[in-house]
Amino acid sequence: MRDLPADDSWIADRRRAVGAAIRAERLRQKLTQDDIWIASGLSRGTVQRVEAGEDATLSTLLRIAHALAVPLRDLV
């Protein structure tokens, strides 16, 4: 088991990486953020915040992965 770092900066870094992975997959599929929020049932702002690396719930990430038709593990 790993010890946690002294600060939580790694969490923000990881959230940004997840957001970047979601954005990259969306762009790879030539989809817009509007396509994703409509398909996922999320708000436009939620999709924007997730791609920007802000905190997201597991349910939100699952909805986005489903809308992209990829396993969640491919995005995280």
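Could you count how many residues in the stretch 1-45 are in contact with a Phe, Trp or Tyr (Cβ under 7 Å, 6 or more places away or on another chain) and not in a loop (DSSP other than H, G, I, E, B)?
1
Considering only residues that are of a type in the set (A, V, I, L, M), closer than 14 Å to Gly19 by Cβ and in contact (Cβ under 8 Å) with a residue 24 or more places away in the chain, which ones fall in the stretch 34-76?
If the condition is that a residue be of a type in the set (A, V, I, L, M), closer than 14 Å to Gly19 by Cβ and in contact (Cβ under 8 Å) with a residue 24 or more places away in the chain, then Ile36, Val50, Ala52, Ala56, Leu61, Ile64, Leu68, Leu75, Val76 are the ones that fit.
For the subset of the stretch 1-33 comprising residues that are farther than 17 Å from Ala69 by Cα and touching a residue at least 40 places away in the same chain (Cβ under 8 Å), which member is nearest to the chain's Cα centre (by Cα)?
For the stretch 1-33, the residue satisfying everything is Arg15.
Within the stretch 19-76, count every residue that is of a type in the set (Asp, Glu), more than 21 Å from Ser9 (Cβ to Cβ) and surrounded by fewer than 16 Cβ atoms within 10 Å (Cβ to Cβ).
3
Any read-out appearing in this document is the output of simple, stated calculations on the displayed coordinates, not a laboratory observation. What you are looking at is a predicted structure, and each value in this text was computed from that prediction instead of being measured. Glycine also receives a Cβ, built like all others from the backbone with ideal geometry; neighbour counts cover every protein chain displayed.
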